[in-house]
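Here the structure comes first, spelled out in structure tokens, and everything after it is commentary.
The values are calculated or read from the model by the stated rules, or taken from the named source; none is laboratory data. Predicted model only: the values in this text are computed from it and were never measured. FYI the Cβ positions are ideal-geometry reconstructions off the backbone, even for glycines, and counts take in every protein chain you see. Ligands, DNA and RNA are excluded from the accessible area calculation, which covers all protein heavy atoms including side chains. Shrake-Rupley method; radii C 1.70, N 1.55, O 1.52, S 1.80 Å.
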Amino acid sequence: MIAFWVVAGVLSALCAGLVLWKSARVAALAGADDPTAAVYRRQLREIDDLADRGLIPASERAVAHAEAARRLLGASDATAAPWTVDLSQRKTVLAFAALTPLLALGLYFAVGSPGMGDQPFKARVAAWRGADPSELTPPEMAVVLKSLIAERGGDPEAYSFLAQAEMASDNPDSAARALRRAIELAPNRADLWEGLGEVLVVQMQGEVSPQAQRAFQEAVKRDPKSVSARFHLARAQVAGGQRAEGLAAWRALAAELPATDPRRAAVQQVIAEAEGAPAPKFDNDQMAAVQGMVASLAAKLEAEPDDPEGWVRLVRSYAVLGDAAKRDATLTEAKARYAGKADILKALDLAAKTEPMR
């Protein structure tokens, strides 16, 4: 680290010296004539040369020539002030230029960490690869996955995990590239197409773009029961003016989902919003059944906690019911349990963002 700051100080001094040298050259021109008139004379010669070579028509030559001549006359009539330089400030400027790198280096020694060793990126990657994955941040996990893929070659699962780490790092562009690479290796996996569509929706800030629609269509071709893909395709239809078709697709999706599935209530809610009607609500018996199902799922997870899909369902259920306290507590507990599983963390975050029933 010391060597770095010494080199930085030397480079700063060289830059300051270069600036002063250029300034000295300009100062040597003190008292010279104003070069403006010479510039306009050269412009007149260039206009004539272009016209003689047939590069500009005669009409444009006359206009350009007249404008340049007008500026030349204006410059000739103006009182030219000779360039001057105040040499009395030279010593002050030189002193500041020499002292600035020294002051910066002294300040670093006073408040910085000169004893800290270098931290080359390659060494940090090696440390991250040897660390417990649960202790890595999403950006660090993404770097580790990239290094492993570069070293061992990637498979669809590796690229899928990389995409999840990139999304957790708030980097949807890289996530989309990773998923496209995964799809090249496994074009028949519906979950990869569905994931790509969701990433593209995030890229477009919630809009289902034509590219996202194609990804969702490919997912449905391979898995006709893909809930997320069907939901977004219907949303694209509604947004694109095919309101009746989109609503029909949403209704079909809601009808296929079990009555106790929180996703059904979410689909019914967007249907109601699209129709401008109040969102449907469970009656007392239905609500009691849903709450009983959620309580049963929570009890099952307490007895057998190694069930990531169960944790995702429980977080989504609390979100749909509007119980923010239990949703957040369950989300925190599940994230702690699956801290090193980027795919599970992503699913938990998505579940927590499910809109509640209104």
Of (1) within 30 Å of R177 (Cα to Cα); (2) in contact with a helix residue (DSSP H, G or I) (Cβ under 8 Å, 6 or more places away or on another chain), Q205 fails just (2)
In region 71-113, residue nearest to A150 (Cα to Cα) [restricted to those that are at pLDDT 65 or above and not in a helix (DSSP H, G or I)]: S113
May I ask you to list the residues in region 270-304 that are buried (at least 19 other Cβ atoms within 10 Å of the Cβ) and at pLDDT below 85? V290, V294
When residues of region 163-206 are filtered for being open to solvent by 50 Å² or more (accessible area, probe 1.4 Å), in contact with a Lys or Arg (Cβ under 9 Å, 6 or more places away or on another chain) and of a type in the set (A, V, I, L, M), how many remain? 1
State yes or no: is V144 open to solvent by less than 30 Å² (accessible area, probe 1.4 Å) and free of Cβ contacts under 8 Å to residues at least 24 places away in the same chain? yes
Could you tell me how many of the residues in region 213-269 are of a type in the set (D, E, K, R), out of contact with any Leu (no Cβ under 6 Å at 6 or more places or on another chain), crowded, with 20+ Cβ neighbours inside 10 Å and free of Cβ contacts under 8 Å to residues at least 24 places away in the same chain? 0
How about region 193-308: which helices (runs of 4 or more DSSP H) wholly inside it have at least 3 residues that are assigned by the TED database to the domain that holds D173 and under 26 Å from E166 (Cα atoms)? 210-222, 227-239
